[in-house]
1. Tell me, which strands (runs of 3 or more DSSP E) lie completely within segment 270-328 with 3 or more residues that are modelled with pLDDT of 50 or more, surrounded by 15 or more Cβ atoms within 10 Å (Cβ to Cβ) and among the hydrophobic types (A, V, I, L, M, F, W, C)?
2. Specify the residue that is surrounded by the most Cβ atoms within 10 Å (Cβ to Cβ); the eligible residues are those in segment 187-226 that are among the acidic types (Asp, Glu) and assigned to a helix (DSSP H, G or I).
3. Between residues in segment 55-75 that are farther than 30 Å from LEU34 by Cα and residues that are assigned to a loop (DSSP other than H, G, I, E, B) and hydroxyl-bearing (Ser, Thr, Tyr), which pairs lie under 8 Å by C-beta distance while being six or more apart or on different chains?
4. Is it the case that segment 39-51 has a residue that's under 28 Å from LEU12 (Cβ atoms), of a type outside the set (Ser, Thr, Tyr) and either open to solvent by less than 80 Å² (accessible area, probe 1.4 Å) or under 53 Å from the mean Cα position of the chain (by Cα) (or both)?
5. Go through segment 148-164 and count every residue that is open to solvent by 20 Å² or more (accessible area, probe 1.4 Å), part of a loop (DSSP other than H, G, I, E, B) and either touching a Gly at 6+ places or on another chain (Cβ under 8 Å) or over 12 Å from TYR220 (Cβ atoms) (or both).
6. It is to be established whether one or more residues within segment 115-130 are more than 16 Å from GLU224 (Cβ to Cβ), out of contact with any helix residue (DSSP H, G or I) (no Cβ under 9 Å at 6 or more places or on another chain) and aliphatic (A, V, I, L, M).
7. Within segment 165-176, track down each residue that is open to solvent by 30 Å² or more (accessible area, probe 1.4 Å) and either of a type in the set (A, V, I, L, M, F, W, C) or modelled with pLDDT of 90 or more (or both).
Amino acid sequence: MSKNQHRKPAALHTVYALSVIGILLLIITQFTGLFYYFDDRNLYHRGNFYLLSQAIAVSGIALCFFMLISYRKNLDRITFLSMMSFFVLPVLATIYQALAYGFSLQCLAIVISTQIMFIMDTVELNMRFYSQQAAYEKARYKAEHDGMTGLLNKEAGYKRMRKYFGLMDSYDEAMLMFVDIDDFKTINDTYGHTVGDFWIREVASQLRHIYWQDDIICRYGGDEFIVLIRNTASEQVLETTLGMFFQQLTRASEQRGQDVHCSVGVCRIAAIRISGNRDISRNTDGGNGEDTRGGVDFGQCVKQADLALYEIKRFNKGTFNVYNSGRS
């Protein structure tokens, strides 16, 4: 309770002294019958100074109790209550035992109170552990996610995407998409930054709604997003999902009376089925079906998706452009 202080409480030294005195008197009792003795029939009897032994015990407990009260603010509720039980039960048992000869309740009360402290402390430790675990998870979530959209941030998104790309083989397919809000500076200049922030959150929400949990979506920065669609390179899937995305964005734009749309650049990593039911990677630009097993160059795919986005924004904003990539 006093771990943050330079000195131990003075009352604690008194408790130590009472404990030493009690032990010495108990040793003397074995030879003098000061506190108790056994008669010739081996029956137990209290000595003339039996109540002194109880007074010493109660005095030490009382001092500890007052110290507990003094340091109440240093303790959480569960620990305080469990320690209170250690004072209450033995003191009550001691008072009863002193008044009612023939009953020995002190040890039983100490055992019960100790068990209560053990149980309560175990509960408190578990609560502290789960609280720390929750705080850790919260901190990790904040470190990995973008505060405005709730999506993964660039660093965390790239880390997960690189891991997936590094494990890809010739059987795996994927699509990496760069999503950009067209003319975002004009939106901010025309409607204000609050509206610009709204559209960033809206695009993030639409992407999260359309794509599966297995897919990876992150905010690249500003008004740009990166989406990794895993385990498929189907052109039909791409057209369907992006068609839904564009439609929902158009509907939201019309409802607000604002002209907002997105352009998307896609890097498509596909595989092709050949004779013998064996999958190999395909570079659809060359179309030669060359087997190039191994991981996929993530950085190259990002560049290709970015290039596809640049081209579509240059010639036909508000739609998507696909770059078909081969294996590295």
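The values are calculated or read from the model by the stated rules, or taken from the named source; none is laboratory data. Note that the coordinates shown come from a computational prediction; the quantities given were computed from them, not determined experimentally. Every residue, glycine among them, receives a Cβ derived from its backbone with ideal geometry; neighbour counts consider all protein chains shown. For accessibility, only protein heavy atoms count, side chains too; no ligands or nucleic acids. Shrake-Rupley method; radii C 1.70, N 1.55, O 1.52, S 1.80 Å.
1. By residue number, no strands (runs of 3 or more DSSP E) qualify.
2. GLU202
3. TYR71/SER2; ASN74/SER2
4. Scanning segment 39-51, I find no residue that is under 28 Å from LEU12 (Cβ atoms), of a type outside the set (Ser, Thr, Tyr) and either open to solvent by less than 80 Å² (accessible area, probe 1.4 Å) or under 53 Å from the mean Cα position of the chain (by Cα) (or both), so the answer is no.
5. Looking only at that region, the number is 2.
6. yes
7. LEU167, GLU173
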